[in-house]
Amino acid sequence: MRTPGRNTPCPCGSGKKYKHCCAGKAFQFVDETEDSYAIALPIDGRLRELIVKLAVTFRKHFEREPGEGDPIFLTKYLMSEQDIKREMVEAMERSGADPAHIYAYRKTGYLIVEGNIARFTGAALQEWESAISDFCDGRAEISDGPEADLFDSTLNALADEFESFVYALGLANDNFFNLEALHQGAKSSAHLLTPAQYQALCVSRVHRSLRSVINLTEKRYSEDVLKLARSMYESYLHMVLVQNDPQTLEILVDVVIGLRSGTHEYKTRRDGGEDRRFVVELSTGREVASHISSFRMAESSRIAEDVPFFDFFYRTTSEFLHPTVFALDAYMSSNGLDPVKPHMHEESIIFTACVAAMVTDALFNIPNCPDRVKIDCRTVVKRTRTKLLTLLDQLDVWRGRMGATQNDISILRARCVRLTEA
């Protein structure tokens, strides 16, 4: 096994001789090829204990011993490097760690303290000490500039509104839906639910989704947040349709239940097959459409901006709901396919907040909605609207981080401006 000569340049790249740098450290340089070295760490008691625990975890999942080529840490399939680094920074901040050390960790990826100095190369120590000096001398590159700082602080404040929406919709449920709307009988036998009852169901679905969104946003599972935002948006479309065309409840409710209970069936084609575009009510022979497209729901809105928003939002979220080559970049990194690669964090918060505001805004149009509920909901929507428009003003950040076009931003802005105008 070849090791560096004491008077040769240290393989770590510090620029010092080996004897003045990494000789005598708690690791060794061993030859990997003729021109390079690898670092070999001795397995001490704590490291041995960790390896044993990791092997137990591997056996638990696969019922075999870890073999050549198997990863030591299976958590690499749960968390990205960025996730681990972010959680470490948050833990350091909660524990009151020295801000200079937090900055140095962010910049270098190292966490060097008195007890582990011997485990780091001379080059790593130089990077760490340089970062500490930069912070202490005021040369630290802590942010990307005032515009980016404003964007990030507003984005975080916008994510905080998810909790406000949960509370607002909860109050609407207690003070309106459960007190009045759910106790109204259907206006005719043709409709199994009233429009208010159906919209109460839609709002409850959004309420439940937002609870999940809060937890997923904290973990930065942004793609899953977008999927829930799409589900919330579809609830909004159903609310808009029922508000503007109550007769469609027959298709949304009666037909769906009838197909399952046997009172309705799909229309029969001349060749004996099913024509699933139409449903027949067996007791009367009456034909009705079997479904209503999401686009038609958007078209039914009295807010003209809902149609371009539909086109933009459906196109964006469909890339993460269905397999498509357009989402390939979201799953690729330097090593190939990377399912834990962070992606769409900013977009997930902005789209979800916008859709949550749209749903809450739509509550104002439900007949007999109490003034107290309207006031509480409007308070949250107006505050969210202000934050959304502030973010949309940061055009350079949008283009730099998200590659958003001017048209994309204009569509979002136009829809956000209409919030609280119901």
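Based on the Kirkwood radius over alpha-carbon pairs, what is the Stokes-Einstein translational diffusion coefficient of region 216-271 at 25 °C with 0.890 mPa s viscosity, in µm²/s? Please list the in-between numbers first.
Numbers: Rh = 14.1 Å.
My calculation gives 173 µm²/s for D.
Return the inverse of the average 1/r over all pairs of distinct C-alpha atoms in region 212-355, which is the Kirkwood hydrodynamic radius, in Å to one decimal. Intermediate values should be presented prior to the final figure.
Numbers: mean 1/r = 0.0561 Å⁻¹.
Computed over Cα pairs of region 212-355, the Kirkwood hydrodynamic radius comes out at 17.8 Å.
If each residue of separation counts as 0.36 nm, what is the full-extension length gain between residue 43 and residue 64 once their alpha-carbon separation is subtracted?
Values: separation 21, 0.36 × 21 = 7.56 nm, distance 2.25 nm.
Roughly 5.3 nm would be gained on extension.
To check my understanding: the extent here is largest minus smallest coordinate of the Cα atoms along each principal axis. What are those three numbers for region 86-147, in Å, largest first?
So the three principal-axis extents are 41, 24, 17 Å.
I'd like the distance separating the alpha-carbon centroids of region 328-389 and region 100-134, in whole Å.
So the separation of the two Cα centres works out to 39 Å.
Lys and Arg at +1, Asp and Glu at -1: add these up for the other residues within a Cβ distance under 14 Å of residue 372 and post the number. The partial results should precede the final answer.
Numbers: positive: 374, 378; negative: 174, 180, 371, 376.
Surrounding charge for residue 372 is -2.
Can you figure out the FRET efficiency of residue 372 with residue 152, using R₀ = 30 Å and their beta-carbon distance, to the nearest 0.05? List each step's numbers first, then the result.
Numbers: r = 35 Å, r/R0 = 1.16.
Rounded to the nearest 0.05, the efficiency is 0.30.
May I ask you to derive the relative contact order of the chain, considering only C-alpha pairs under 8 Å and at least 6 residues apart, and to give it as an integer percent?
After rounding, I find 15 percent.
Between rounded, prolate and oblate, where does the chain land on the alpha carbon gyration tensor, with a ≥ b ≥ c its root eigenvalues, rounded for a/c under 1.5, else prolate if a/b exceeds b/c?
Details: a/c = 2.87, a/b = 2.06, b/c = 1.39.
In terms of gyration-tensor shape, prolate.
By the gyration tensor of its Cα atoms, with a ≥ b ≥ c the square roots of the eigenvalues, what is the shape of region 10-161: rounded for a/c under 1.5, prolate for a/b over b/c, or oblate?
oblate
Per-residue accessible area for residue 48 at 1.4 Å probe radius, Å² rounded to 10?
My reading of the accessible area for residue 48 is about 130 Å².
Can you tell me how much longer the chain between residue 17 and residue 365 gets when fully stretched, taken as 0.36 nm per residue apart minus their C-alpha distance, in nm with one decimal?
On the way: separation 348, 0.36 × 348 = 125.28 nm, distance 7.64 nm.
Length difference between fully extended and current span is 117.6 nm.
Please give the charge dipole size of region 164-282, origin at the Cα centre, charges +1 on K and R Cβ atoms and -1 on D and E Cβ atoms. Round to the nearest 20 debye. Can you show the working numbers first?
On the way: 14 positive and 14 negative charges, 66 e Å.
Here region 164-282 has a charge dipole of around 320 debye.
Which value, in debye to the nearest 20, describes the size of the charge dipole of region 291-339 about its Cα centre when Lys and Arg Cβ atoms bear +1, Asp and Glu Cβ atoms bear -1, and nothing else is charged? Walk me through the numbers on the way to the answer.
Values: 3 positive and 7 negative charges, 35 e Å.
The dipole of region 291-339 has a size of about 180 debye.
Could you compute the FRET efficiency for residue 314 and residue 405, with r as their C-beta to C-beta distance and R0 at 25 Å, rounded to 0.05?
Numbers: r = 16 Å, r/R0 = 0.66.
Plugging the Cβ-Cβ distance into 1/(1 + (r/R0)^6) gives 0.95.
Dipole of region 221-262, Cα-centred, from +1 at each Lys and Arg C-beta and -1 at each Asp and Glu C-beta, to the nearest 20 debye?
80 debye
Spin-label point model (7 Å from Cα, Cβ direction): what's the residue 305 to residue 74 distance in nm?
Distance between label points: 4.8 nm.
Given the DSSP H assignment, sum -39500 (n - 2.57) over each helix run of at least 4 residues in the chain and divide by its residue total; what's the result at 222 nm in deg cm²/dmol, nearest 500? Could you put the intermediate results ahead of the total?
Numbers: 13 runs with 213 residues, N = 422.
Calculated at 222 nm, the ellipticity per residue is -17000 deg cm²/dmol.
Between residue 245 and residue 331, what length comes free when the chain is fully extended (0.36 nm per residue of separation minus the Cα-Cα distance, one decimal in nm)? Please list the in-between numbers first.
Working: separation 86, 0.36 × 86 = 30.96 nm, distance 4.14 nm.
Roughly 26.8 nm would be gained on extension.
Picking from 5, 55, 18, whose Cα lies most toward the positive end of the charge dipole for the chain (charges on Cβ: Lys, Arg +1; Asp, Glu -1)?
55
Taking the Cβ-Cβ separation of residue 85 and residue 215 as r and a Förster radius of 22 Å, what is the calculated FRET efficiency to the nearest 0.05? Don't jump to the answer; show the numbers that get you there.
Values: r = 20 Å, r/R0 = 0.92.
Step by step, r from the Cβ atoms, then E = 0.60.
The values are calculated or read from the model by the stated rules, or taken from the named source; none is laboratory data. Predicted model, so just to flag it, every value in this text is computed and none were measured. Counting neighbours? That spans all protein chains shown, and the Cβs are built from the backbone with ideal geometry, glycine included. Just so you know, the surface numbers come from the protein's heavy atoms only, side chains and all, with ligands and any DNA or RNA stripped out. Shrake-Rupley method; radii C 1.70, N 1.55, O 1.52, S 1.80 Å.
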